Amino acid sequence: MTNRGADSCVFLKNSFRDAQDYVSRLNAVGIQFDQVLEGLRHRQELGIHPPQFVITKVLDEMHNFVATPAEENILMVALMDKMREADLPQDEQKRIALEAREAIENTAYPAYRRLIDHFEALDGEVEGNYGAWSLPDGDEYYRLALSWRNWCGNTLRSRIPDKRPQWCPRRYNGLDLTGRGTLQNARNHFGRGQGQSAGAA
C-alpha cells in the first residue's frame, strides 16, 4: 500500500512532463483511496472482515508512513532521485519538489489518515485470526477452494504432467492434494462443512 506513489515513478524517464504527471498522480491519491474506502465499507456491511493480524500490520505500516516528514517519504525520495537521474534543470526540480511536498502533505497523508480511521474503527470489531470459512458463506467458499485445489491436482497434472504450475499446492495441512479423490479426502480430513482447520489457511 505504501509503495503506490513510488511505483509510479518508474514512468519518470527524462522529461519535465513526466515529473509533472507524477505530481498529478500524487494529487489524485485522495480520489483513489476514497474509492478503496468505498469498497472496504461495502465489505464491512457484508460482514467480510480481514483477520486481526492484517489489521494490526496495516495500521502499523500506515502510522509509520504518515509519521515520516514529507521530504523523507518514499514518495518524495523516489521523485527526487528520478529527477536527478533525468538531469532536469535545478530550478524545475525545486519547483516540482515543492508541488510534490504540498501534494503529499495535503492530499496523500490525509488520504492515508482516512484509511487509518477506517481500520482503527474496524479493529474494535474484529477478534482472532480466522480463515475464510468464518466469513459469510465461508463454508461454501472453503469447499470451492478445496475443489479448485483438486482440479489443480488432477486436471492439470493429467494434461501437462511435466509442467505442473508452482501455484498448485501439493499438500495442505498434511493432506495430499496431488491424487484423485482429493475433495472427498478433504471432506473426510476436515469434516464436511465444518472447516475446523481453516484458520491455518
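Values computed for the structure shown
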| read-out | value |
| --- | --- |
| Subset of segment 32-49 that is in contact with a helix residue (DSSP H, G or I) (Cβ under 8 Å, 6 or more places away or on another chain) and within 15 Å of P136 (Cα to Cα) - its residue that is modelled with the highest pLDDT | Q44 |
| Number of positions in segment 47-56 that are loosely packed, with under 13 Cβ neighbours inside 10 Å and in a helix (DSSP H, G or I) | 1 |
| R95 being over 17 Å from V29 (Cβ atoms) and surrounded by fewer than 18 Cβ atoms within 10 Å (Cβ to Cβ) | yes |
| Helices (runs of 4 or more DSSP H) wholly inside segment 85-197 containing at least 1 residues that are within 28 Å of L46 (Cα to Cα), modelled with pLDDT under 65 and among the basic types (K, R) | 182-190 |
| P110 vs. criteria more than 27 Å from S15 (Cα to Cα), surrounded by fewer than 17 Cβ atoms within 10 Å (Cβ to Cβ) and either of a type in the set (D, E, K, R) or in the same structural domain as P50 (by TED's automatic domain parsing) (or both) | yes |
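The values are calculated or read from the model by the stated rules, or taken from the named source; none is laboratory data. None of these values were measured; they are calculated from a predicted model. Ideal geometry is used to build each Cβ from the backbone, glycine not excepted, and the neighbour counts take in all protein chains shown.
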